[in-house]
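Colleague: The structure follows.
Nothing in this text is a laboratory measurement; each read-out follows from the coordinates by a stated rule. Since the structure is predicted, the reported quantities are computational estimates derived from the model, not experimental observations. In this analysis, Cβ positions are derived from the backbone assuming ideal geometry, glycine residues included, and neighbour counts consider all displayed protein chains.
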Amino acid sequence: MKVTVFGTGYVGLVTGACLAEVGHHVVCVDVDADKVARLKNGQIPIYEPGLDGIVISNYEEGRLEFTTDAKHAVAHGTMQFIAVGTPPDEDGSADLQYVLAVASTIAEYMDDTKIVVTKSTVPVGTADRVRSAMMTGLKARSTDLTYHVASNPEFLKEGAAVADFMKPDRIVVGTDSKDVEDAMRELYAAFNRNHDRMLFMDVRSAELTKYAANAMLATKISFINEVANIAEYVGADIERVRQGIGSDPRIGYKFIYPGCGYGGSCFPKDVKALASTARQVGYEAKLLDAVELVNEHQKTRLFDKLHTYFNQDLAGKTIALWGLAFKPNTDDMREASSRVFIEALWEAGASVKAYDPEAMNETQRIYGQRPDLQLMGTKEACLIDADALVVCTEWKAFWAPDFNLVKESLKTPLIVDGRNIYNPHQLEDLGIDYIGIGRSN
Ligand code: NAD
């Protein structure tokens, strides 16, 4: 099938490459000329396991094209996917300007029937706004071309995006048209062979499904973090509690890991956007507001623990930091807990020596060159002359370090473990002070 994808970010690029991988002809269009030029040169702007291989091979085999030429892109696809960003507006609602700009572009250039599919995460009612933006564009051209607007929210996880797209848990499609349903079944046939993963529903329910999924996951994290904080006060160990509750199949072990807060481009913005949607219709989403508040507080915990350990005086101290990305297997730093921690350290007069397997360039791009931030080539290099070690992201490379080396290198034998990846008793035996999340040791 002929497919056009607007946006070559995490979602657009993965969607385009995976659809091309199974044989569809895909044109990816972006307004960022630099990004498009890099993609044409085989440079993948983001780190995502398995993505570079399929982008390069499908590009070379002619099934995947990159362009900034919107007219050419619109002419190509029967299906037009919108996968542009929907960042939070000042009031927390989703900013739809990029989505609606694409709708107008499609209306400006289309010359046959199109199926317009929103893959971006968009609030309930956005399909109506896309439809009306297109209607306005087509009226201006005095044409009566027809089009469908459908919703197909994306559930991929950064860090496993290609695998998730190739083997989705479900493919949600919001449409009231049998033609769109048939087209979507054909498009996704290769991803739907093992069993039927396609869930068709009305557009509004599809739009809400995506927010409900992310809000549920964020709620699980804030819930366990809240219990972890209580555990610290009452002298319990959250890791025992986590296993104790996870053993109940109604609860399960997944996604109840305590830590230093969730980040990324999706959970924080989607929880806020859903609460904002609720407010707009006169409903106060108290649980969602609390999920967000708990998370913001959790992101400050690492600094508070370190500050307390050093008697409220971090001025002049150097902190070794392992992990900058908001989670492992990505270079994405959007809303990362590490940023809250680093900025608090700077505020207190401390400096940082940091290492991350993939997010160092992104860190450099965000903060530029500054004397209180040193990005080191290895995790061991961060430790030299540092006062303490803090772990912010649970990359596999950090799970089994040489603790004797850590102890010898640090000025103070202290590890603050923001993801509870170490065994407190093992570290205690080695003479290393250990502070985790929700652990009374
Ligand atoms: P992103 O910021 O990485 O990429 C968006 C891209 O769209 C950018 O390259 C930008 O230049 C481009 N763009 C903006 N306006 C354009 C236009 N008019 N025409 C063509 N391109 C344009 O965003 P992302 O992380 O891929 O997210 C996209 C959407 O998917 C968001 O709504 C997000 O909430 C949702 N989503 C993201 C994830 C994720 O893990 N990142 C997962 C599921 C859903």
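Colleague: Please check: in the Gaussian network model of the chain (C-alpha springs, under 10 Å), which one of 336, 215, 231 has the largest mean-square fluctuation.
Modeller: Most flexible of the set in this elastic network: 231.
Colleague: Efficiency by 1/(1 + (r/R0)^6): what FRET value for residue 430 and residue 68, r their Cβ-Cβ distance, R0 = 51 Å, to the nearest 0.05?
Modeller: 0.35
Colleague: Further, regarding this structure: From Cα pairs below 8 angstrom and at least 6 apart in sequence, can you work out the relative contact order of the chain, rounded to a whole percent?
Modeller: 12 percent.
Colleague: While we're here: What is the helix-to-structure angle for 267-280, meaning the angle in degrees between its Cα long axis and the longest Cα principal axis of the chain, kept from 0 to 90 and rounded to the nearest 10?
Modeller: Here the helix axis deviates by roughly 60 degrees.
Colleague: When the helices in the chain are scored as -39500 (n - 2.57) per DSSP H run of 4 or longer and the sum is shared across all residues, what 222 nm value do you end up with, to the nearest 500 deg cm²/dmol?
Modeller: -13500 deg cm²/dmol
Colleague: Based on DSSP, what percent of beta bridges with both residues in segment 313-441 are antiparallel, to the nearest 5?
Modeller: The antiparallel proportion sits near 5 percent.
Colleague: Kirkwood Rh, Cα Rg: Rg to Rh for segment 1-146?
Modeller: Rg/Rh: 0.98.
Colleague: Report Rg (one decimal) and Dmax (nearest whole number) for the chain, counting Cα atoms only, units Å.
Modeller: 23.7, 78
Colleague: Tilt of helix 203-234 relative to the longest C-alpha principal axis of the chain, in degrees (0 to 90, nearest 10)?
Modeller: 0 degrees
Colleague: Using only Cα atoms and rounding to the nearest 10 degrees, what angle (0 to 90) does helix 286-298 make with the longest principal axis of the chain?
Modeller: Once rounded, the angle reads 50 degrees.
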